[in-house]
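Data block below; observations after.
The values are calculated or read from the model by the stated rules, or taken from the named source; none is laboratory data. Bear in mind the structure is a predicted one, so any value in this text is a computation, not a measurement. Neighbour counts run over all protein chains shown; Cβ positions are idealised from the backbone, glycine included.
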Amino acid sequence: MTAPAGLAPATTGSVQIGTLCSDVGAISQTTEGKGVTCTKPGDGEKARWAPAKAGSVTVPGAIRPGAFCGPQGAKGKTAQGVAYTCRTTAKDKRARWLK
């Protein structure tokens, strides 16, 4: 799935930490909503999903305030440059882009 030009990519599905991945630098989430990144540990080693450091996932492209998002804790900006965080609320357990 490709996001429209200039928009942040949608997170689809979930991955398991330690499994192989192909796009180094890609971001995703586990079934628990924890952020993961596709990293290559060293030369000759295959890329694998690893836990993202807290606050280290920044979504490329513009996000839409209030839209569903993932992984939780990811940071993003609107086309106007306003910063948002992907998180849940007490009333809504689904992660959305919120200030």
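Taking the criterion of being touching a residue at least 40 places away in the same chain (Cβ under 8 Å), among the β-branched types (V, I, T) and not in a loop (DSSP other than H, G, I, E, B), the residues of the stretch 24-69 that qualify are I27, V59. Just one of (1) over 22 Å from A95 (Cα atoms); (2) at pLDDT 80 or above fails for A5. It is (2).
Select from the stretch 17-66 the residues that are aliphatic (A, V, I, L, M) and touching a Cys at 6+ places or on another chain (Cβ under 6 Å) and write down the one among them that is modelled with the highest pLDDT. Steps first, please.
So in the stretch 17-66, the residues aliphatic (A, V, I, L, M) come out as 17, 20, 24, 26-27, 36, 47, 50, 52, 54, 57, 59, 62-63.
Applying the additional criterion that residues be touching a Cys at 6+ places or on another chain (Cβ under 6 Å) yields 24, 26, 47.
Working: V24: 85, A26: 82, A47: 92.
Applying the filter and picking the extreme gives A47.
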